[in-house]
Amino acid sequence: MLYNYFPTALQYLLATYVLTPPSAPQPLRFSLRHEFGLSNSSKTVFADLRPASQLTYDTYDITTRRVQTYRPRNQEAFFRSRHFDREARRELPWDETDLEGPNVNDRETLLLLAKMTSNAYSRPGEKDWYDLGPDWNSSYPFGWEPDSDGFRGHIFATEDNSTVIISVKGTSAGWLVGGGGSTTRKDKLNDNLLFSCCCARVGPTWRTVCDCYEGGYKCDQNCLEQSLVEDSLFYPIGTNLYNNVTYMYPNSNVWVIGHSLGGSLASLLGVTFGVPVVAFEAVGEKLAARRLHLALPPDLQHITHIYNTGDPIAMGTCTGVASTCAIGGFALETGCHLGKVIKYDTVTHLKWSVNVGNHGIAVVIDHLLSKDWEYDNEEDGVKRSVPRITAEEDCVDCFNWEFGNYRNASIHGTCDRRL
């Protein structure tokens, strides 16, 4: 054996190199750097916070793992592909990238990200602001516009700017998630456009958000997709925000997190830019991605959804004219998610009832991530702090609807179920 001909000292050195496992990635420490919001002139406004160097705090760990993502080889080609047919989007070239993402198998990491997500609903110092510990910069900000009507959130960064987290606010409805009520009107418009089967057509007395309903359970597909092009939709605002952040931090690794509507938008940005995403109790966004004509990469393992079976919104069961969602004016009818899923079966194991009270981010923080989850251990004998990462199987949205080009039936035919 050739190894035996090396000097003894060199043999020990080689053995150490071969037998010693690779060291785990070093934890990251973040601080709050900016807040952002959509002003009444539809421009994204950033508010810089006091630099972290002005504060003294201890080390705070967020563990990471290596994540493989796929990014469009050409960003302009990605957006152009939205205007072509499905086959052209399938042929879009992708670059596989290996980067550092959040360790979604670690409960403490998810707990911190959930608190950061919750804080997107409020300003530092308010009563519903989660204290992230002395290692976070939670100084009073300036430039926050509480009366602005639209997209809002926070931006966190590590001390060396190697990693940046964009936290996107979800739906602001007091009965649904609490906080941030000034953005409710546009939140509801986006919810009903993105996550309803057909323009929020829940019943004959409902005021819909677009005119695509064709009677019965039929919806005009071209009309529906055109309605998603409006400037009031948060998706293009989110892509503009991401571009602004990468302009400010050109060499940084970016993560996106969010809750509810914010989690769905985070996932759509994760598809667009190939960045790690953690979404909490998000409305199913898979159908919205198709209607937005987003080219999907070969794999979406960098997107992780965390939700519980007692939440009818994330499960896609808060439907019908008599549902709590409908009574509140929301048509949240989709339950299929992109990427991977960490699903807490609270109905089976904790005997929770199914109601919208289980949708709030505070429920995730206080009742799901407050202690280790051990209910699936008997399946393989592995002790886990969170449920296993899985994929949704055989998930179909709006199965009872027919989608087609009814208004141009003589040219295009009458029905196309492929969304």
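Cβ crowding within 10 Å ranks 195, 79 as 79, 195, fewest other Cβ atoms first. Cα convex hull, the range 273-419: 152 Å³ per residue, rounded to a whole number. With Rh defined as the Kirkwood radius, the inverse of the mean 1/r over Cα pairs, the Rg/Rh of the range 288-359 is 1.03.
As a proxy for reagent exposure, ranking 67, 354, 278 by other Cβ atoms within 10 Å from fewest up yields 354, 67, 278. An ellipsoid equivalent to the range 236-330, defined through the eigenvalues of its Cα gyration tensor, has semi-axes of 27, 13, 13 Å when rounded to whole angstrom and sorted largest first. Close amide-amide hydrogen proximity is noted between residue 285 and 338, each under 5 Å apart and 5 or more residues distant or on a separate chain (H modeled in the peptide plane; Pro and chain starts excluded). Of 81, 264, the sequence from fewest to most neighbouring Cβ atoms within 10 angstrom is 81, 264. Here the contact order of the range 264-383, divided by its residue count and restricted to Cα pairs under 8 Å and six or more residues apart, works out to 26 percent.
Quick note: the coordinates plus some simple rules give every number you see, no bench work behind them. All figures in this text were calculated on a predicted structure; none of them were measured in a lab. Glycine gets a Cβ as well: all are built from the backbone with ideal geometry, and neighbour counts include every protein chain shown.
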